[in-house]
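Quick notes on the structure that follows.
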Amino acid sequence: MGNRKESDYAVACVNEFGRLKNLSTKESYLYLVNFKGIEFLKDFYDVEHLLSFENVVEDLAKICRNNGGAII
């Protein structure tokens with residue numbers, strides 16, 4: 001991630017994704033790395049950080065599904 005704000009935001013998103021999808025923080029992080037969710041957060045931080053965490057988690061789930069992930 002580019003700076004401290006973006007890194008902190010990514011950590012919050014990983015935690016929230018894990019909480020809403022019943023995953024541990026480690027499982028959430030690895031899933032998001034493997035299926036391009038972290039890359040998506042990095043590339044679209046400027047837009048995503050303006051949305052609610054619920055919307056961001058939905059976006060992450062879609063991106064990951066599009067890249068082979070199975071979590072809905």
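The values are calculated or read from the model by the stated rules, or taken from the named source; none is laboratory data. Values in this document were obtained by computation on a predicted structure and should not be read as measured data. A quick note on method: Cβ atoms are made from the backbone with ideal geometry, for glycine too, and the neighbour counts reach across all protein chains shown. Only protein heavy atoms, including side chains, enter the accessible area calculation; ligands, DNA and RNA are left aside. Shrake-Rupley method; radii C 1.70, N 1.55, O 1.52, S 1.80 Å.
I'd like the full set of residues that are open to solvent by 60 Å² or more (accessible area, probe 1.4 Å) and of a type in the set (A, V, I, L, M, F, W, C), limited to region 59-72.
70, 72
When residues of region 1-58 are filtered for being among the charged types (D, E, K, R) and open to solvent by less than 50 Å² (accessible area, probe 1.4 Å), how many remain?
Looking only at that region, the number is 3.
Determine the pairs where a residue that is on the phi > 0 side of the Ramachandran plot, located within region 43-69, has a partner that is among the aromatic types (Phe, Trp, Tyr) and crowded, with 18+ Cβ neighbours inside 10 Å with Cβ atoms under 7 Å apart, the partner being 6 or more residues away or on another chain.
Pairs found: 68/35.
For residue 72, state whether it is part of a helix (DSSP H, G or I) and not polar (S, T, N, Q).
no
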